[in-house]
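Structure record follows, encoded as structure tokens.
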Amino acid sequence: MNLANAHQAVLYIDGVALLGNVSEVELPELASNTFTHEVLGGIGEVELPGYLSKMESKIKTNAPYRQLEAITSDMTRIVTLTLMANVQVVSPEGAYVNEPRVYIMRGFPKKSALGTYKQTDKNMPEYEFAVNYLEVKHANVTILEVDLLTLTYKVNGVDLASQIRSNLGL
């Protein structure tokens with residue numbers, strides 16, 4: 001068993017580092033749109049996997065930043081969000097290894113909550129993005145790639161949507 005803990009991370013928007021500006025990044029949740037299958041004369045219902053649900057990401061900043069507000073105010077602009085993290089992995093033998101984790105997301109700003117001003121409190125704006133593309137790399141190996149617009153769904157290099165694309169002539 002290996003233990004892992006993320007220690008440092010930097011968010012990039014369209015290649016520009018937001019080092020020191022972001023306090024939290026909520027990565028997309030991968031979820032299946034399940035459907036219920038009922039059988040006449042059966043003893044119950046069965047829930048089966050369907051297609052993937054929509055994906056979203058949220059960013060919380062530690063203060064209002066002009067550059068970020070300008071990017072997120074254009075709700076028609078496709079942006080690339082890249083979260084690069086350093087994860088310290090501890091092997092069963094007790095050896096420490098620093099490994100990269102990279103999360104690449106492509107989508108558009110969905111919501112730009114500019115924050116709240118209150119005497120002596122920090123204004124911490126939050127931004128939401130609709131994510132259409134997600135790639136996850138652990139130690140430089142792609143373990144997940146999802147592109148909802150091109151019907152791409154790969155896990156550990158296995159293309160789970162190839163038959164669908166083939167059936168559609170794509």
Highest mean first, what order results for 4-11, 43-50 on Cβ atoms within 10 Å?
4-11, 43-50
Taking the structure as given and computing Cα extents along the principal axes in Å, which label from (1) 55, 35, 33; (2) 53, 36, 17; (3) 65, 47, 37 fits?
(3)
The answer for the chain, accessible area per residue at 1.4 Å probe in Å², is 64 Å²
Percent accessible area from carbon and sulfur atoms, the chain, protein chains only, probe 1.4 Å
54 percent
Heavy atoms of Thr150: accessible area, 1.4 Å probe, square angstrom to 10:
70 Å²
Connecting C-alpha atoms closer than 10 Å in a GNM of the chain, tell me which of Thr142, Thr72, Thr116 has the biggest fluctuation.
Thr116
Kirkwood hydrodynamic radius (Cα pairs, Å) of segment 129-170?
10.9 Å
Where does each of Lys122, Lys111 land when they are ordered by accessible area, with a 1.4 Å probe and the largest first?
Lys122, Lys111
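The values are calculated or read from the model by the stated rules, or taken from the named source; none is laboratory data. Being a predicted model, the structure only gives us computed values, none of them experimental. All Cβ positions, glycine included, derive from the backbone under ideal geometry; neighbour counts span all protein chains shown. Keep in mind that these areas ignore ligands, DNA and RNA; they rest on the heavy atoms of the full protein, side chains included. Shrake-Rupley method; radii C 1.70, N 1.55, O 1.52, S 1.80 Å.
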